[in-house]
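Before any comments, here is the structure.
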Amino acid sequence: MDIVVCVKPVPDPKQWSKLALDPVTKVLRREGIDTILNPLDRNALETALQIRQKLGGKVRVVSMAPPFTQEVVRETLALGADEAVLLSDRAFAGGDSWATVLVLAAGILRGGQPDLVLCGAESADGSTGQVGPQLAHLLEMAQLTYVCGIEEITPERLTVRWQVEEGHARVEVRLPAVLTVTKEVNKPRGMTIMGVVQARGKPLTVLSAADLGIDPATCGLTGSPTQMGDMWMPESGRRQQV
């Protein structure tokens, strides 16, 4: 099976107090803040590795992020992924979920049509939960969101536990498909020294908008249909009343 895992480097939650919005672009300023792998994306990667162990195949990691996140993306290779692709270009900066998905889809398809795409249900910084469904739409694949367990899988179909408001449902889906997973789906493995050593020999490819054949006007802040209109801090004060 050809399995793709979409991962996102996010600001370390321990340093969120340092985050600020750019007053002009209205996007987060991330400079000077440590970056980690989005926690739920670790669950997505672990799911892919377990499926590969059962059915064989390859696990590809695809990420859209700035160049300085290469080491974060390389962690996925140390954890067991076979190869990784970092989609990085100034033209991608400030993109909303739709503009991000346009880039991710191009990066995924550059390596061929996958059998399964896995994402974390939400990112720790944006928490929109939109990337997985939008990706399924662009790739013309079936989708299941908030998957909390994998029960059965074959090269043609899989059966999962799907989180709903008052419990979960058992759902079968035909492959190819896009799944977004919750933290309940598994317990991600940790890195080992052997994994770190082996990661040095695995490919990590960096691709730009030109490499993907993407028009810069369709991605990033310019290509985002959703943009912040304005922001302000509410005024507060005290007065004494006798």
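The values are calculated or read from the model by the stated rules, or taken from the named source; none is laboratory data. Bear in mind the structure is a predicted one, so any value in this text is a computation, not a measurement. For neighbour counting, all protein chains shown are included, and Cβ atoms are generated from backbone atoms with ideal geometry for every residue, glycine included. In case anyone asks, the SASA skips ligands and DNA or RNA and just uses the protein heavy atoms, side chains included. Shrake-Rupley method; radii C 1.70, N 1.55, O 1.52, S 1.80 Å.
Going by what's in this entry, would E184 be described as more than 20 Å from the chain's Cα centre (by Cα) and either loosely packed, with under 14 Cβ neighbours inside 10 Å or charged (D, E, K, R) (or both)?
So E184 fails the test.
Would you check which residues across segment 128-156 are of a type outside the set (S, T, N, Q), touching a residue at least 60 places away in the same chain (Cβ under 8 Å) and in a loop (DSSP other than H, G, I, E, B) and list them?
Hit for segment 128-156 is P155, nothing else.
Mind listing whichever residues of segment 108-148 are open to solvent by less than 40 Å² (accessible area, probe 1.4 Å) and at positive phi?
Result: G112, G129.
Within segment 151-169, track down each residue that is among the aliphatic types (A, V, I, L, M), over 17 Å from D2 (Cα atoms) and modelled with pLDDT of 90 or more.
V160, A169
Among all residue pairs at least 6 apart or on different chains, which show Cβ distances below 6 Å where the first residue, located in segment 27-40, is more than 16 Å from E71 (Cα to Cα) and the second is acidic (D, E) and at pLDDT below 95?
Partner pairs satisfying both residue conditions: R29/D22.
In segment 228-240, is there at least one residue being among the basic types (K, R) and open to solvent by 60 Å² or more (accessible area, probe 1.4 Å)?
Scanning segment 228-240 turns up at least one residue that is among the basic types (K, R) and open to solvent by 60 Å² or more (accessible area, probe 1.4 Å).
Listed residues A105, A78; which is under 18 Å from T180 (Cα atoms) and either assigned to a helix (DSSP H, G or I) or open to solvent by 50 Å² or more (accessible area, probe 1.4 Å) (or both)?
One residue alone meets the criteria, A105.
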